[in-house]
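> Right, I'll just put the structure down here and ask away after.
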Amino acid sequence: MSVNENGVQGKEEQLAAASMRQALPPQCIEAEVKILCSCFLLPQVVPDIVYSLSPDAFYVTANKLIYESICFLYQQGQPTDMIHVAEHLRGRKLLQTVGDTPALCNIMSDLPTTEIVPYVKLVTDKWIRRKLIAHAYEIMSMGYEVNEPLEGILNTSEQKIFSLSLLSPADSTVHNAFVANAAHAKLLEQSRIFKTGLNRLDDLIISLEADTLTVLAGRPSMGKTAIGLALSLKQVFIHKKPVIYFSLEMTREQLEYRLWSLIAADPRYTEYNLTPVTGHRIRQHLSGQIPFSQAEYDNLCMVSALSMDVSLYINDRRDISPQGIIAEARRVKAKEKDLGLVVVDYIQLLQSDGHSDYGDSAGKSLELAKIARSLYQLAKELECPVLVLSQLNRNVESRNDKRPTMSDLAQSGAIEWIADNVLLAYRDKYYNPNGNDDLEIIVAKARHGKTGKASVGFHLPTQLIYNLDDPLPPVLQHFVD
């Protein structure tokens with residue numbers, strides 16, 4: 001709270017504080033009574049209510065206790081009429097607490113309704129608002145804890161606020177008529193399936209679809225990050241949608257330097273006559289070994305200026321947890337209103353929300369499965385594809401044929417059944433000096449497509465990925481690193 005020069009709280013703050021102290025918490029007792037009355041008299045509406053409304057949503061304690069009895073009786077397959085509810089409350093020694101039989105009769109005097117959903121939503125709305133107010137007070141109190149790290153307070157505050165989005169009633173089991181209408185509406189949208197821009201890959205997985213989780217795995221130096229960046233830029237350039245890239249391995253500056261190489265080599269920027277500068281060349285300059293010439297510096301100034309218009313959000317926190325990723329993704333989604341892709345590079349480096357230290361591979365596998373499931377749920381919540389990069393175990397190195405299979409996923413076999421798509425990256429040139437320069441994206445699983453191999457062109461110095469049907473960009477045809 002702000003104070004004036006005399007140490008007195010400002011007028012606006014005083015009025016706000018007084019208002020918060022005097023205001024009645026949000027509630028709608030009439031809607032609560034309507035719901036209870038309908039449960040007493042219309043058993044057909046009880047399933048829709050029980051599966052979408054928490055007892056905690058009731059503002060009046062007596063109403064909450066009555067509803068808890070209704071939920072218990074329903075789950076036991078018993079009637080939820082007034083007589084059975086009264087007997088259940090009596091058995092719990094709570095009948096007097098709720099006002100005895102006259103209170104139940106008073107509820108019965110209301111008019112029941114089969115159109116119960118609006119009342120459920122109204123009660124839930126008031127409940128979430130009350131929790132929002134409670135969280136606001138908690139956050140305000142934490143703000144005064146000057147000895148607590150600010151980062152921890154901000155993270156806790158975000159989690160409290162974003163947790164409220166999970167409280168809204170969700171129709172998990174619905175009639176097919178509803179599903180048919182929703183499916184038909186999505187046909188008209190034509191905006192939920194996004195081409196990757198890599199033609200052969202699109203042929204196999206039928207592009208990246210909203211609500212889906214794709215796992216891209218490979219051994220080190222196989223091009224996983226290059227593929228992740230390539231797919232990110234396709235979303236930005238082709239579909240005009242922002243992308244979030246969580247980089248747990250590389251710093252955001254290192255990732256930015258790769259982005260600069262890709263921008264300089266991209267045909268979209270031909271008119272600027274850019275010259276690609278690799279990460280290796282940038283490191284030579286940063287170390288003082290071979291400083292940039294004026295021409296190189298001017299070129300990079302142009303590239304960096306162009307990169308500012310790329311709608312890519314980068315997070316390089318190495319201690320980030322799945323909940324942290326979810327919170328950050330929600331924040332960007334709220335700002336941008338839409339997302340084209342969320343990339344996590346890579347899953348084995350994610351910090352467990354509980355900071356668990358599993359001593360065996362089986363425990364680590366279970367933890368990674370839990371993380372993958374949370375990211376899968378995030379894809380549905382954000383209505384955008386999520387791409388998770390993953391390491392492969394060392395079994396690949398002991399085989400004559402180094403091409404990976406899905407069983408090589410490092411400590412994360414459970415990811416196989418969670419992911420919609422499993423892609424495996426392989427470069428033959430890495431193992432065989434005489435091998436080809438292509439990068440193979442092996443589609444080991446495609447829930448909505450088919451398995452196979454998608455070979456793409458790969459320019460190692462700049463990490464540029466392109467369709468083999470397309471010629472190498474002119475700027476790279478005489479490229480010298």
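The values are calculated or read from the model by the stated rules, or taken from the named source; none is laboratory data. Keep in mind it's a predicted model, so treat the numbers as computed, not measured. Virtual Cβ from ideal backbone geometry, glycine too; neighbours counted across all protein chains shown. Side chains included, ligands, DNA and RNA excluded: accessible areas come from the protein's heavy atoms. Shrake-Rupley method; radii C 1.70, N 1.55, O 1.52, S 1.80 Å.
> Considering each residue of segment 246-259, count those that are open to solvent by less than 10 Å² (accessible area, probe 1.4 Å) and closer than 15 Å to residue 307 by Cα, and give that number.
Of the residues in segment 246-259, 2 are open to solvent by less than 10 Å² (accessible area, probe 1.4 Å) and closer than 15 Å to residue 307 by Cα.
> Which of the following residues is at pLDDT below 80, in contact with a helix residue (DSSP H, G or I) (Cβ under 7 Å, 6 or more places away or on another chain) and hydroxyl-bearing (Ser, Thr, Tyr): 19, 2?
2
> Can you name the condition, by its number, that residue 87 falls short on among (1) closer than 30 Å to residue 158 by Cβ; (2) among the acidic types (Asp, Glu); (3) assigned to a helix (DSSP H, G or I)?
(1)
> Quick check on segment 126-161: of everything there that is closer than 19 Å to residue 64 by Cβ and in contact (Cβ under 8 Å) with a residue 40 or more places away in the chain, which residue is surrounded by the most Cβ atoms within 10 Å (Cβ to Cβ)?
Looking at the filtered set, the residue picked out is 127.
> So for segment 281-301 (the condition being surrounded by 15 or more Cβ atoms within 10 Å (Cβ to Cβ) and in contact (Cβ under 8 Å) with a residue 60 or more places away in the chain), does at least one residue qualify?
Yes; the residues of segment 281-301 include at least one that is surrounded by 15 or more Cβ atoms within 10 Å (Cβ to Cβ) and in contact (Cβ under 8 Å) with a residue 60 or more places away in the chain.
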